[in-house]
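Engineer: Have a look at this one.
The values are calculated or read from the model by the stated rules, or taken from the named source; none is laboratory data. Predicted, not measured: the structure shown is a model, and the values here were computed from it. Neighbour counts are summed over all protein chains in view; Cβ atoms, including those assigned to glycine, are modelled from backbone coordinates with ideal geometry.
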Amino acid sequence: MALRTIRTEGDPVLSKKCRPVEEITPRIRELITDMLETMYDACGVGLAAPQVGILKRIVVIDVGEGPIILINPEIVESSGEQTGEEGCLSVPGMSGQVTRPNYVKVKALDMDMKEAEYEGEELLARAFCHEIDHLDGKMYTRLVEGELHHVTYDDEEE
Ligand code: NI
């Protein structure tokens with residue numbers, strides 16, 4: 001297990017499209033373990049593989065209800081709307097208002113390459129959207145309504 005370096009905005013790896021995972025190798029297992037460790041160390045609620053420089057479709061999320069590992073995730077359903085503060089470990093110290101669906105259903109593979117479904121509302125729905133966007137090279141900053149601003153003490157980083 002090791003902490004990985006979190007890439008920050010401006011790093012070209014963050015604007016690339018990631019490739020699907022075809023098989024769970026020991027290297028992929030190690031990557032996922034490292035991503036979880038790196039996310040917890042940075043006090044984030046989500047981390048996508050490109051944020052540690054790996055162009056694979058892998059996301060880890062923990063909004064305080066335990067870790068969720070998503071391999072090749074896809075949003076299959078969404079509804080409603082929420083507007084709130086969003087941040088990103090790749091844009092440290094900043095946040096901005098972003099509108100996302102309030103409910104999202106995600107299909108993904110688990111660590112055994114078995115298909116699984118996840119449902120999320122509010123913060124979890126926001127995290128699913130934010131992290132899956134990373135896999136297509138999309139940063140939340142392009143969705144910010146108004147100004148990106150410095151994080152205040154009660155904001156959360158994703
Ligand atoms: Ni992010």
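Engineer: Tell me, which residue of segment 8-22 that is assigned to a loop (DSSP other than H, G, I, E, B) and crowded, with 17+ Cβ neighbours inside 10 Å is farthest from the ligand (Cβ to nearest atom)? Quick ask: steps written out before the conclusion?
Structural biologist: The first filter runs over segment 8-22 and keeps only residues assigned to a loop (DSSP other than H, G, I, E, B), leaving 8-11, 16-18, 20-22.
Among the residues that remain, those that are also crowded, with 17+ Cβ neighbours inside 10 Å are: 18, 21.
Numbers: C18: 13, V21: 19 Å.
Result: V21.
Engineer: Before we move on, is T25 surrounded by 19 or more Cβ atoms within 10 Å (Cβ to Cβ) and of a type in the set (S, T, Y)? Write out each step before concluding.
Structural biologist: Numbers: surrounded by 19 or more Cβ atoms within 10 Å (Cβ to Cβ): no; of a type in the set (S, T, Y): yes.
The answer is no for T25.
Engineer: Out of E74, E81, E65, report the one residue that is without any contact (Cβ under 8 Å) to a residue 24 or more places away in the chain, under 17 Å from E119 (Cβ atoms) and of a type outside the set (F, W, Y).
Structural biologist: Numbers: E74 fails: without any contact (Cβ under 8 Å) to a residue 24 or more places away in the chain; E65 fails: without any contact (Cβ under 8 Å) to a residue 24 or more places away in the chain.
Every option except E81 fails the conditions.
Engineer: Here's something else I'd like to know. Given the criterion within 20 Å of M39 (Cα to Cα), out of contact with any Pro (no Cβ under 6 Å at 6 or more places or on another chain) and either away from the ligand (no atom under 16 Å from the Cβ) or not in a loop (DSSP other than H, G, I, E, B) (or both), identify the matching residue among E119, E131. Working first, answer last.
Structural biologist: Details: E119 fails: within 20 Å of M39 (Cα to Cα).
Only one candidate qualifies: E131.
Engineer: Right, G46: within 14 Å of the ligand (Cβ to nearest atom) and either in contact with a helix residue (DSSP H, G or I) (Cβ under 7 Å, 6 or more places away or on another chain) or modelled with pLDDT of 95 or more (or both) or not? Full working, then the answer.
Structural biologist: Details: within 14 Å of the ligand (Cβ to nearest atom): yes; either in contact with a helix residue (DSSP H, G or I) (Cβ under 7 Å, 6 or more places away or on another chain) or modelled with pLDDT of 95 or more (or both): yes.
Taking the combined requirement at face value, the residue satisfies it.
Engineer: Still on this structure, I have one more. Going through I75, I71 one at a time, which residue ends up being more than 21 Å from G10 (Cβ to Cβ) and surrounded by fewer than 20 Cβ atoms within 10 Å (Cβ to Cβ)? Give the derivation first.
Structural biologist: Working: I71 fails: surrounded by fewer than 20 Cβ atoms within 10 Å (Cβ to Cβ).
Every option except I75 fails the conditions.
Engineer: Please state which one of V104, V98, V144, V63 is crowded, with 16+ Cβ neighbours inside 10 Å, within 23 Å of T33 (Cα to Cα), of a type in the set (A, V, I, L, M) and modelled with pLDDT of 95 or more. Can you show your working first?
Structural biologist: Working: V104 fails: within 23 Å of T33 (Cα to Cα); V98 fails: within 23 Å of T33 (Cα to Cα); V144 fails: within 23 Å of T33 (Cα to Cα).
Only one candidate passes the filter, namely V63.
Engineer: Can we say R57 is in contact (Cβ under 8 Å) with a residue 12 or more places away in the chain and either of a type in the set (K, R) or within 16 Å of the ligand (Cβ to nearest atom) (or both)? Don't jump to the end; show me each part of the working.
Structural biologist: Values: in contact (Cβ under 8 Å) with a residue 12 or more places away in the chain: yes; either of a type in the set (K, R) or within 16 Å of the ligand (Cβ to nearest atom) (or both): yes.
Yes; evaluated as a whole, the condition is true for this residue.
Engineer: Look at segment 78-95 and say how many of its residues are out of contact with any helix residue (DSSP H, G or I) (no Cβ under 8 Å at 6 or more places or on another chain) and either among the hydroxyl-bearing types (S, T, Y) or loosely packed, with under 14 Cβ neighbours inside 10 Å (or both).
Structural biologist: Count: 7.
Engineer: Another question about this same structure. Tally the residues that are without any contact (Cβ under 8 Å) to a residue 40 or more places away in the chain and more than 15 Å from I69 (Cβ to Cβ), restricting the search to segment 28-44.
Structural biologist: Total meeting the criteria: 1.
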